[in-house]
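Peer 1: Quick one: the structure is below, and I'll ask about it shortly.
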Protein chains: 10
Amino acid sequence: MKREDVTDLILFRRVKLGVKWTDVAKKVGESKEWVTAACMGQMQMTKKQAEAVGKLFDLPEDAVLLLQTVPYKGSLPTAVPTDPLIYRWYEIVSVYGTTIKELIHEEFGDGIMSAIDFSMDIERQPDPKGDRVKVVLSGKFLPYRTY
Amino acid sequence: MKREDVTDLILFRRVKLGVKWTDVAKKVGESKEWVTAACMGQMQMTKKQAEAVGKLFDLPEDAVLLLQTVPYKGSLPTAVPTDPLIYRWYEIVSVYGTTIKELIHEEFGDGIMSAIDFSMDIERQPDPKGDRVKVVLSGKFLPYRTY
Amino acid sequence: MKREDVTDLILFRRVKLGVKWTDVAKKVGESKEWVTAACMGQMQMTKKQAEAVGKLFDLPEDAVLLLQTVPYKGSLPTAVPTDPLIYRWYEIVSVYGTTIKELIHEEFGDGIMSAIDFSMDIERQPDPKGDRVKVVLSGKFLPYRTY
Amino acid sequence: MKREDVTDLILFRRVKLGVKWTDVAKKVGESKEWVTAACMGQMQMTKKQAEAVGKLFDLPEDAVLLLQTVPYKGSLPTAVPTDPLIYRWYEIVSVYGTTIKELIHEEFGDGIMSAIDFSMDIERQPDPKGDRVKVVLSGKFLPYRTY
Amino acid sequence: MKREDVTDLILFRRVKLGVKWTDVAKKVGESKEWVTAACMGQMQMTKKQAEAVGKLFDLPEDAVLLLQTVPYKGSLPTAVPTDPLIYRWYEIVSVYGTTIKELIHEEFGDGIMSAIDFSMDIERQPDPKGDRVKVVLSGKFLPYRTY
Amino acid sequence: MKREDVTDLILFRRVKLGVKWTDVAKKVGESKEWVTAACMGQMQMTKKQAEAVGKLFDLPEDAVLLLQTVPYKGSLPTAVPTDPLIYRWYEIVSVYGTTIKELIHEEFGDGIMSAIDFSMDIERQPDPKGDRVKVVLSGKFLPYRTY
Amino acid sequence: MKREDVTDLILFRRVKLGVKWTDVAKKVGESKEWVTAACMGQMQMTKKQAEAVGKLFDLPEDAVLLLQTVPYKGSLPTAVPTDPLIYRWYEIVSVYGTTIKELIHEEFGDGIMSAIDFSMDIERQPDPKGDRVKVVLSGKFLPYRTY
Amino acid sequence: MKREDVTDLILFRRVKLGVKWTDVAKKVGESKEWVTAACMGQMQMTKKQAEAVGKLFDLPEDAVLLLQTVPYKGSLPTAVPTDPLIYRWYEIVSVYGTTIKELIHEEFGDGIMSAIDFSMDIERQPDPKGDRVKVVLSGKFLPYRTY
Amino acid sequence: MKREDVTDLILFRRVKLGVKWTDVAKKVGESKEWVTAACMGQMQMTKKQAEAVGKLFDLPEDAVLLLQTVPYKGSLPTAVPTDPLIYRWYEIVSVYGTTIKELIHEEFGDGIMSAIDFSMDIERQPDPKGDRVKVVLSGKFLPYRTY
Amino acid sequence: MKREDVTDLILFRRVKLGVKWTDVAKKVGESKEWVTAACMGQMQMTKKQAEAVGKLFDLPEDAVLLLQTVPYKGSLPTAVPTDPLIYRWYEIVSVYGTTIKELIHEEFGDGIMSAIDFSMDIERQPDPKGDRVKVVLSGKFLPYRTY
């Protein structure tokens, strides 16, 4: 059994049981974004978190163990994603990439926005012209060191 | 003269003049995110916007004209960006891609978050442990049609 | 069981039973284009649609469940398709890509033709010099927002 | 001077003169789709067509000559297009590729829809919920020969 | 069972039985080139052809059924083939590609040589300096339409 | 001046002068296929051949010299060609690749059809249903050595 | 069973039995280079050779049969090899490629060194500063034909 | 002026002057393989070597200086070479890669054949059936360290 | 059983047993860096080392045998790694690549830092601002030979 | 003038003047690693640093200005580097990638070694068996946040 098998198992059981990610998140006690990512094989769970997930989805003991290891990250099958929802995010990076770079450097100087000390919040933004997806990304600014 | 030459010209003159993107934005009268993207060759300007930019950077008439055309979008030289700041965004899409997909579908059903009817806001989030980059993305949810 | 397994099962049973896609479409109550795409693992079915398909092809219960999930879209094994029929469509995008861009922008301004709020109709166009394939694509125009 | 230089020249002069593609088409006497594609370096013009274009844009004699040669076709800089408008078409091929294949084969048997004996018509489809881009593609069906 | 499995089965049984492709062709009643391609999963067989192949190789009923479906074409595992015999053909396209283009356009004008309304004949050409492979390709010329 | 510049020069002068490749071939005294390939920068000319070409197109002395060097071969800008005429040849290799391999091996045993000791002949094949392009390829069979 | 399975079987049995490639070569009666390549799935064996290998490794009858077929050649999983030993050879081609081209053309004129009528000999070259790998490659020169 | 410009200059002057690489090698006092590689921009020359080359080809002073810098190595424009002569070498690595690996490891244990402490000798091998290219490669064996 | 299966087995058993790599290293008697690499399928073990690992993880006899073979090296599934920890190393090569080249050449002349006669030491570097990862790489300098 | 032009200018002037990177570093007052990277277009200089470099290499004013902008980072022309010295580093990442991941996670838990809050030191390590390149990398450990 490998970590990917655990992801497949969780995905199938979730559909089978009709459980929502927000419910999984509540059981684990962290945000829906982090918990979903962890279940998708992108984050390492603590023993307690893994056991909560294991109980919810009736996972075998080995699966619970694997949830506590650090996975090989990257969730997409191709460098340029084919799924339209995910592609739109790739497109934002492609179209706005140099813009984001210019504006962060203007505000903070040379450095990056961390994808590690990072959090994300996805929510519905009601709008009479059609509801919107509002996503808040927050990443620590890390300046390049001169040495 | 091509649109890319206009981008190069603006980039160089901006450094030369020491003008900030936020100042360019004020002259144009739109957000700093949209205006920077437009200057980087990713958005089409109106005549008025183009003339404001042309005046600020003392651009030749042809350049002002080209700013009013629709550019061939995509600002990165490679499919996987090499620049660390931009790569972190690509990494977020790679690591969180399937998570974002799961959560938007859970909330909205099948469809996408638009990258066209879209806006972005980048700002400094003061934090005692190190300031953070806070980015708010807002895209209209577009449901797949059944027909 | 994964969504791709359901696609394989449907494809094989369809050949076995000698059922036409137009017949599947009638059972589901939507266009042949949408229903085929849904069976090929590109669209999410409602419970009722999935059950109709499940009944027609005698699918196991898990398969019917999976038809109601949102699939990871993209139906081709390579970025440039090798199958001649599908390649011709890729070729149309390659040869006419910039032309389509020019003409849509000329008529509508900057923006895109939606591939989400979209429908397609494929039919035979009788012609004495050899029948033709007539395809009508209809996608909502989505203008870029200035913000 | 090469054919690509002629394309660049036409593109720039068109913006400069404020001429619409539909006007170019009228001068040439063919559809706006074919004429635009020809100007974009994807089709070969006759002497008469080339001279009409040459006169409209005041092209040098060599350019008029080059418009009468057969170009090396393919209008996109990358295999997967980065421009959002053109990408949506690539996405349609990616998402609906196997669907289109199934339906054309169901109707016609094994073969392809020609991209050579082909025409395209792009027009505005008024819609109270937002106007749509309607595209009609017509390609001769070419059956595979058994020999 | 999928179409590729049928190809594998035929390939193995052919070696096992020591049957030649020319013999398979005789049983099917078409050229060795077309019949081999069909067995390799590149062409659709009629019921009669499939049954002849099924009988010769003692294929299961499902396999005979699958031979009558239209396959997803493209027989190579990589875009640039690694097998030396096949690579030499790729090399001919690479080295002579622009030459072939020039000469066909000179003789016929703009258009293509069809790979659909196409036939191939491979035979031994005796030669005192070493026998040669002689291949005759015949494809209908298809002119680009002006519309 | 590089060899590619000589190719560009020949291509432009040929259009300018309205000379046919078959005429160039006559001046050089070899087949139209070989001569065109040589002019396209894929073959090395002798002094006499180069001078004939130089005279015809009024090339500078350096160009005539460069025609006598061995070029870096490969005439296509991308691994998978975008030009439809050339792509059809790539498609033949893709669809028929394993078939060609099987049939040559069946006739000759393990080895290849040479792309070096090779000749090609392209001609019009009149046909009431539409003229065809007939291409005869002849390559020496080279058996793999056991050692 | 496929040819790759035979390779895997031979590789595992060889380790298990502790047999050296030079010993395999002696049993087969050809050079260690050719015999190893044949066992690795790159060359076609005669019945006698295949039986010798089959006996040595106690292969099933089907495997012995498959050793007598012509394999699809190319032994590497990626276009640019990751294994350091094999990469060094790729590096030699990359660094010395144009040099090899210049020197062979200078000595022989336009043409290639055959990789088919080819042999290789790998041996230890004792050296006080550290033993060296000496490899002798011998390929027939094949001149390009003018026709 | 960059190092690549020096390579271009040498290549052109060599053709112009009709100098052979073996003559260049004699002037420099090293093997024709090393000297050609150095001229092709793959090796660093000493002051004396650079001046010899500079004198022979009448290079400007800056070029002589650049010949003494360490170049960015790699002489091919694509990862898989298109030139047939160079491709045959790539093919040898592809077909014989795993064989070479097996045999060197059998003789020497784990490690590599150095491409740095390396020499190559290319010569004509007369043969009544057609002369051959004989290449001797000699690279120091470097064992992996256990630490 | 293949070498990759042994790696999977070790990885799973290690998690199951809760053994640390530093403990594995002690049992084997080499550094943690080398031993982990060997377990990950990148180094060849001696009989004694393999048996120590086999005992620790209760591996089957065949696995112990395979640990003593030379593996096909390269531990990453894609050319550009997607895992953030490993990507940072790729990024260091990308950003600092030319810098490293300049400085090693300045100090040592033309040549390379060996990745074969190489060792690595990874340790925690306590730091009040946040502990650091300190990595010491040591590779023999290998000068290019002139010959 | 663009940032890449400044890099080219510095590289050429450095050779011309015979200045060592260690001398440039002294003038700038930072480590040779950082200063070289900054000159190679990978780091942003302060006004003072840029002026020191500008004075040393007699750069035009615009170049001094550009040295103070944040560059688009990534110094290599291809994703897999062809230069042997730089490739060895890529190889270390490829061979040891999963090992480095295992050991850092074992010591620190899930997270990365920063390539931003990072320093590198390259020095000669005298060794009787041949001097070695010793490189010390130090990057802050950044733990993944749970949120």
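Peer 1: Can you give the Rg to Rh ratio of segment F:1-84, both from alpha-carbon atoms, with Rh computed by the Kirkwood formula?
Peer 2: 0.96
Peer 1: A follow-up question, please. Could you calculate the FRET efficiency of I:K47 with C:E123 from 1/(1 + (r/R0)^6), where r is the beta carbon distance between them and R0 is 60 Å, rounded to 0.05?
Peer 2: My answer for the efficiency is 0.25.
Peer 1: Also, I was wondering about something else. Over the protein assembly as shown, what lengths in whole Å, largest first, do the semi-axes of the equivalent ellipsoid take, defined as the square roots of 5 times the eigenvalues of the alpha-carbon gyration tensor?
Peer 2: 43, 43, 40
Peer 1: How many percent of Cα pairs in chain G exceed 25 Å?
Peer 2: Value for chain G: 43 percent of Cα pairs lie more than 25 Å apart.
Peer 1: Take every residue in peptide B:22-32, count the Cβ atoms of other chains within 10 Å of its Cβ, and give the average of those counts.
Peer 2: The shielding value for this peptide is 1.
Peer 1: If Rh is defined by the Kirkwood formula over all Cα pairs and Rg also comes from Cα, what ratio Rg/Rh do you get for segment I:54-122?
Peer 2: Rounded to two decimals, Rg/Rh equals 1.12.
Peer 1: When the Cα centres of segment I:17-63 and segment I:95-147 are compared, how far apart do they sit, in Å?
Peer 2: Segment I:17-63 and segment I:95-147 have Cα centres separated by 26 Å.
Peer 1: Let me ask something else. Shielding of B:118-125 by partners, i.e. mean partner chain Cβ atoms within 10 Å per residue?
Peer 2: What the average comes to for B:118-125 is 6.
Peer 1: Here's a follow-up. Most mobile of A:A115, A:A50, A:A25 per a Gaussian network model of chain A (Cα springs, under 10 Å)?
Peer 2: Among A:A115, A:A50, A:A25, the largest GNM mean-square fluctuation belongs to A:A115.
Peer 1: Let me know the whole percent of all Cα-Cα pairs from segment J:84-143 that are separated by more than 19 Å.
Peer 2: Looking at segment J:84-143, the distances longer than 19 Å represent 45 percent of pairs.
Peer 1: Cross-link partners among lysines for C:K129, C-alpha distance below 19 Å, same-chain residues fewer than 8 apart left out?
Peer 2: The qualifying lysines are D:K140, E:K140, F:K129.
Peer 1: So, counting K/R as plus one and D/E as minus one, what does the shell of residues with Cβ under 14 Å around F:D5 add up to?
Peer 2: Every neighbour counted, the sum reads -1.
Peer 1: To continue, here is another question. Using the Karplus equation 6.51 cos²θ - 1.76 cosθ + 1.60 (θ = phi - 60°), what ³J(HN,Hα) coupling, rounded to whole Hz, does each residue of segment J:115-123 give in order, writing x for Gly and Pro?
Peer 2: 9, 10, 7, 8, 9, 9, 9, 10, 8
Peer 1: If I fit a long axis through the Cα atoms of helix E:84-108 and take the longest principal axis of the Cα atoms of chain E, what angle between them do I get, 0 to 90°, rounded to 10?
Peer 2: That works out to roughly 50 degrees.
Peer 1: Using a Gaussian network model on chain D with a 10 Å cutoff between Cα atoms, which of D:G29, D:G130, D:G54 fluctuates the most?
Peer 2: Ranking D:G29, D:G130, D:G54 by mean-square fluctuation puts D:G130 first.
Peer 1: Work out the FRET efficiency for B:R13 and F:L9 from their Cβ-Cβ distance, taking R0 = 25 Å, and round it to the nearest 0.05.
Peer 2: The formula returns an efficiency of 0.05 here.
Peer 1: Taking H placed 1.01 Å from N in the peptide plane, check which residues at least 5 places from J:Y72 or on another chain put their amide H under 5 Å from its amide H.
Peer 2: Long-range HN contacts for J:Y72: none found.
Peer 1: Given the options D:V19, D:V64, D:V95, state which has the largest fluctuation in a GNM of chain D using a 10 Å cut-off (strictly under) for Cα springs.
Peer 2: Among D:V19, D:V64, D:V95, the largest mean-square fluctuation in the Gaussian network model of chain D belongs to D:V95.
Peer 1: Oh, and also: Just from its helices, what would the mean residue ellipticity at 222 nm be for chain J, if runs of 4 or more DSSP H residues each count -39500 (n - 2.57) and the sum is divided by every residue, rounded to the nearest 500 deg cm²/dmol?
Peer 2: Taking each H run of at least 4 residues, the total per residue is -15500 deg cm²/dmol.
Peer 1: Here's something else I'd like to know. Just to be sure I understand the model, the point goes 7 Å from the Cα along the line to the Cβ. What's the resulting A:D131 to D:K27 distance in nm?
Peer 2: The modelled label-to-label distance comes out at 5.2 nm.
Bear in mind that the values in this text are calculations on the coordinates, not laboratory data. None of these values were measured; they are calculated from a predicted model. For neighbour counting, all protein chains shown are included, and Cβ atoms are generated from backbone atoms with ideal geometry for every residue, glycine included.
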